Amino acid sequence: MTVARLTNAQWFAVSVFEAVIDLPGRISREPGSGAFGEGSPARYHVPTAPLILGAAVGAAVTAPASERTPLVVSAACTGVSAAVTVHLVRTVNVPLLTGAAPERSRQGLIDRWHALNKVRLVLLAGAGVALEVAARRRR
């Protein structure tokens, strides 16, 4: 559960940081680096994804019955957050990073990214709250 709490907090912080610096706006101004090129968030999301998802699912599967419900909620929120991230990478980040998005559609992609990132942040916050509930039950 400790790893799940740490990785959730890290992912939440990174997602807030990306919103604050307007990551999609930045990558739209400098396209051409590719899906894993310079400035791509895939460079740090892809390597950490197995750890984040594995920790969330592992915590839920191995938890005693008293902690299981909040940990299942946390794992579900984490899984949906991962799905939102995959969608963002495929439909927003890659077109912006590769220069495939026409200039007229870039702002719409940026707006979509910010809207879905808010959804991701709510899900990650929910996962974090559920993890804290489980931790308190453990104590």
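The values are calculated or read from the model by the stated rules, or taken from the named source; none is laboratory data. Owing to the predicted nature of the structure, the values given are computational and were not obtained by experimental measurement. Here Cβ is always computed from backbone atoms with ideal geometry, including for glycine, and neighbour counts include all displayed protein chains. For accessibility, only protein heavy atoms count, side chains too; no ligands or nucleic acids. Shrake-Rupley method; radii C 1.70, N 1.55, O 1.52, S 1.80 Å.
Observations, loosely collected:
- Heavy atoms of Val119 accessible to a 1.4 Å probe, total area in Å² rounded to 10: 70 Å²
- Summing +1 for each Lys or Arg and -1 for each Asp or Glu among the other residues whose beta-carbon sits under 14 angstrom from that of Ala75 gives +1.
- Carbon/sulfur fraction of accessible area - the chain, other protein chains in place, 1.4 Å, %: 65 percent
- The calculated 222 nm mean residue ellipticity attributable to helices in the chain amounts to -27500 deg cm²/dmol, summing -39500 (n - 2.57) over DSSP H runs of n ≥ 4 and dividing by all residues.
- Cα long-axis angle, helix 103-138 against the chain (0 to 90 degrees, to the nearest 10): 10 degrees
- Ranking of His114, His45, His87 by solvent-accessible surface, largest first: His87, His114, His45 (1.4 Å probe, protein heavy atoms only, all chains present).
- Helix 2-20 axis, angle to the chain major axis (alpha carbon atoms, nearest 10°): 30 degrees
- Excluding ligands, DNA and RNA, the accessible surface per residue across the range 10-87 is 50 Å² with a 1.4 Å probe.
- Between helix 65-88 and the chain there is an angle of about 10 degrees, using the helix long axis and the longest principal axis of the Cα atoms.
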